[in-house]
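Have a look at the structure below before the remarks.
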Amino acid sequence: MVSKNKDLWFAILAYLVLIIALLAASLYLNGGHFIYALDDPYIHMTMAKNFAAQMNWAVNSMDYSSASSSPLWVLLLSVVYFVFGVNAIAPFILNMIFQLLCIIIAFHILKQFNVSGYLFLFLIALVVVTPMPALLFVGMEHSAQVFFALAFVFLSSKLLSSDAGKNDNGIKFLLIVTPILTGLRYESMFLVTVVSLLLLVRKKFSYSLLIFALGILPIVVYGFISTSHGWYFLPNPILLKSSIPGLTAFEILKFFYKAFKNITEPHIFLLLLISTILYVYNYRKQKDIWSTKQSFLLIVILTTIINMSMIEFHQNGWFYRYDAYLVALGFTAIVINVYDYVPAILETVKRRTNLFLKFTIYIIAFILISPLVLRSFSLFEVPFATKNIHDQHYQMSLFVKDHLKGINLAANDIGMIDFYSNSLVLDLYGLSNMEVAQSKLQRKYNTEAIDNITKSRDIKLAIVYENGYGMYGGLPPGWEKIAEWTMTDYNFVCGYETTTFFSVNKDDTEKLRKLLKEFSAQLPKSVIAKIF
């Protein structure tokens with residue numbers, strides 16, 4: 001068994017060695033503390049903690065909050081917390097499990113398409129270009145999304161290429177995977193819609209309708225739950241981090257410019273270009289549109305174009321988390337389609353006696369794959385990113401936990417503070433606060449709105465990036481700056497190097513200043529504290 005699947009076992013071993021090395025580096029930099037590379041996973045962890053303990057879907061334990069676009073991930077995490085207790089390591093372990101499943105399913109997909117050589121290299125390449133190690137330390141749902149996306153596209157491509165009755169077991173699994181995929185990440189609906197439309201073209205009407213219905217089901221159910229609690233149908237992160245183009249000529253041109261910019265991201269453009277060339281070449285050679293390989297390619301090409309046209313942010317989130325599933329799918333699709341041509345390509349290069357020509361071919365090949373190589377380098381940033389979170393967010397959470405019990409505060413990054421403390425934390429970004437979200441979406445979020453919202457919540461202290469509020473007209477003039485913490489290490493992931501503490505109510509200023517002065521003495525050497 002082991003010798004038969006030795007490429008798989010060696011790939012898993014190499015993956016584990018890489019993860020252990022990154023974890024050891026992170027623990028060393030952070031004084032033995034386990035820290036994620038972003039603040040975002042702690043929002044999910046806080047919601048899961050509250051749901052497991054109180055059946056309350058919220059960031060602050062007393063309010064409902066639709067602060068996650070991954071309800072199924074929060075639900076899974078809450079089950080783990082209910083069974084094993086609340087802990088920081090659970091998302092890491094869950095991500096590792098799903099990443100191991102990604103390696104396993106990728107191995108079996110490649111074997112299904114008769115890829116027999118270079119399997120170890122293909123699997124390791126998939127690990128680093130996705131990039132799985134970075135996603136592991138992001139601690140969110142993206143690893144699970146990659147796994148279920150691989151399963152979904154593989155099963156869908158088989159359904160598209162065959163008569164429905166010939167693949168009953170595959171169809172059953174496909175119907176199970178579909179709602180899980182969209183429940184994990186809402187943008188997976190792009191993938192589900194593409195498959196549904198292709199099934200419609202194939203005149204498989206019942207499957208087309210069923211898959212679309214199952215895909216949209218988690219979104220509709222969660223939307224009705226949210227609206228029943230007075231929140232928007234879609235989660236706040238989606239509404240605040242995306243925008244619907246207007247119908248004016250300028251807005252339409254802006255949309256197409258953004259779409260073009262996203263699609264021509266080097267790593268995305270490379271995968272789209274190679275996938276399209278392979279699809280056209282296969283068709284010219286085989287005259288077949290709907291073979292399993294062709295269907296796999298077509299699903300990936302269409303989903304990538306649509307998804308990249310709709311996303312808002314350049315670079316697709318820290319550590320490429322928003323396009324990870326697209327790259328994993330694109331890489332897998334290319335491997336299963338190009339593998340048949342690899343021996344001929346290598347033989348052609350080998351026959352060339354002209355060293356200059358050989359060198360030129362290798363240089364061109366390196367240039368072509370360089371976007372994916374550069375993408376894989378993000379894993380080396382992981383330990384330093386966790387150090388940033390340790391020096392900024394972790395220190396804030398310790399201060400709040402140990403010194404601000406019973407004091408209401410406001411912050412623009414609430415995840416870690418909320419997870420490690422039980423204080424009421426007003427989210428000034430709006431992910432977990434409807435007043436802020438409504439003000440932003442109505443374009444009324446300004447200095448006055450910030451002042452009114454914080455007063456209504458009896459906020460005593462604000463922990464914010466002062467420079468980040470210039471676009472809203474600045475922070476309320478009545479707030480008094482009492483301290484600043486500045487990271488001296490290179491900033492990989494935090495919004496700004498400096499975090500500023502403001503006393504919102506002047507009656508509390510001296511007390512808060514004293515508490516900050518006491519705590520600042522225990523800050524890491526890489527953080528400079530300034531008390532005003």
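The values are calculated or read from the model by the stated rules, or taken from the named source; none is laboratory data. In this text, all values refer to a predicted model and were calculated from it rather than measured experimentally. All Cβ positions, even for glycine, are placed from backbone atoms using ideal geometry, and neighbour counts span all protein chains on display.
Is it fair to say residue 115 is crowded, with 16+ Cβ neighbours inside 10 Å and closer than 15 Å to residue 143 by Cα? Considered against the rule, which asks whether it is crowded, with 16+ Cβ neighbours inside 10 Å and closer than 15 Å to residue 143 by Cα, residue 115 comes out as no.
Any residue at all in the range 368-382 that's of a type in the set (Val, Ile, Thr), more than 30 Å from residue 268 (Cα to Cα) and either at pLDDT 90 or above or in contact with an Asp or Glu (Cβ under 9 Å, 6 or more places away or on another chain) (or both)? Within the range 368-382, not a single residue is of a type in the set (Val, Ile, Thr), more than 30 Å from residue 268 (Cα to Cα) and either at pLDDT 90 or above or in contact with an Asp or Glu (Cβ under 9 Å, 6 or more places away or on another chain) (or both).
In the set (1) at pLDDT 90 or above; (2) in contact with a Gly (Cβ under 7 Å, 6 or more places away or on another chain), the condition left unmet by residue 191 is number (2).
The sole residue among 499, 454 that is touching a residue at least 60 places away in the same chain (Cβ under 8 Å) and of a type outside the set (A, V, I, L, M) is 499.
Condition check ((1) assigned to a helix (DSSP H, G or I); (2) surrounded by fewer than 17 Cβ atoms within 10 Å (Cβ to Cβ); (3) out of contact with any Cys (no Cβ under 6 Å at 6 or more places or on another chain)) across all residues:
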site: 33; (1), (2), (3): no, yes, yes
site: 41; (1), (2), (3): yes, no, yes
site: 45; (1), (2), (3): yes, no, yes
site: 78; (1), (2), (3): yes, no, yes
site: 83; (1), (2), (3): yes, yes, yes
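For the range 502-530, a tally of residues being within 23 Å of residue 406 (Cα to Cα) and not in a loop (DSSP other than H, G, I, E, B) returns 17.
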